[in-house]
Amino acid sequence: MREQRPAAVVGVHGIGNHDDERTGDDAAEALSKTWTEALAAGLGPHRQVDVLVAYYAERLRGETPQGSADIEAVPGAVAVLDRWARALGMPAEQSQGRLTLPARYVLDWIARRFGLDHRMVAWFVTRYCVEVARYLGDERVRSAVRDDVRRVIAQHRPKVVIAHSLGSVVAYEVLAAGELPPVELLVTLGSPLGMPDVVFDRLDPPPVAGLGARPAGVRRWVNIADRGDLVAVPRLLSQRFHGVDADLEVSIAAFDFHRVIRYLACPVTADAVAPWVDAAR
């Protein structure tokens, strides 16, 4: 287990990070190593960085096996799929009555619409719908996940928090709740924070007059989204939140648009993080 020392960067992971071989601190250490190596690659050899990832994936695991059937098995996951598909532009005549149709219908539409491999879409979309439904739909799970992340931030007092995918929702809610040391920089990667109906309208604290706000303890907020990222809807969070200091679009990989290691190794991410990494040395 890592000692409780200050950390320049804390990461908050996204979907699909349950480790079948490791649990608890071991899983966190493995994930932290992966994030550190990816971010270091982007920063270059003249800079050193150590990322500590707050691990909560076990909270969202549930009892059902992985696979497209999860969507029907997990309460609320079909509704997430329906609303997400509409946010992605699924025509109204197809989405109407969606709740009575098999999940594979929408998975096939997403694969064809964006020119992606159906198997990849089935895994990716299923994990997203299931984990978002569990996080937002079960207050005990939501509270436990937030406690995990809050504890890591409180213990390690990072200058930078980097939050990916669903992790950006968790990090936003934790930081917005206050009672934590100030964070110099929040970086959100591939964030669904602004996704209508699915996430945005269910945030805690809720938006006011249709707009969210940068958490009070965060001094700078940089949002980065790949142009093809299906989770980052809308990509520009400044459309829905006050206080986004930089809203940046990138192209990280045609068929690997949401993987965190691609985002971390991106020069745009390195440019955002570098001043605080250098200051911590």
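The table below lists the values:
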read-out	value
Percent breakdown of C-alpha pair distances by 10 Å bin, ordered from the shortest bin, for the chain	7, 31, 38, 20, 4, 0
Considering only the chain, percent of DSSP beta bridges that pair antiparallel, nearest 5	5 percent
The chain: angle of helix 24-43 to the longest principal axis, Cα-based, in degrees nearest 10	80 degrees
Dipole magnitude (debye, nearest 20) for the chain, charges at Cβ of Lys, Arg, Asp, Glu	440 debye
Furthest towards positive pole of dipole, Gln155, Tyr135, Leu107, structure part region 77-217, Cβ charges	Leu107
Cβ-based exposure ranking for Cys129, Cys266, in which fewest neighbours within 10 Å come first	Cys266, Cys129
Residues with amide H under 5 Å from that of Ala163, placed H, sequence gap 5 or more	Val12, Val187, Thr188, Leu189
Within-15-Å neighbourhood charge of Pro196 [Cβ basis; K, R +1; D, E -1]	+2
Fewest-first sequence of Thr188, Thr23, Thr126, Thr34 by Cβ atoms within 10 Å of each Cβ	Thr23, Thr34, Thr126, Thr188
Listed residue (His18, Ala38, Val208) projecting farthest to the positive dipole end of the chain, Cβ model	Val208
Which of Ser165, Ser238, Ser32 has the fewest Cβ neighbours within 10 Å, and the rest in rising order	Ser238, Ser32, Ser165
Value of relative contact order over the chain, rounded to a whole percent, pairs C-alpha under 8 Å and six or more apart	22 percent
Rel. contact order, % - alpha carbon contacts under 8 angstrom, at least six apart, region 156-262	27 percent
Packing rank of 191-197, 179-185, where each peptide gets the mean count of other beta carbons within 10 Å, highest leading	191-197, 179-185
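Each reported figure results from applying straightforward, stated rules to the coordinates on display, with no laboratory input. All values reported here derive from a predicted model rather than from experimental measurement. Ideal geometry is used to build each Cβ from the backbone, glycine not excepted, and the neighbour counts take in all protein chains shown.
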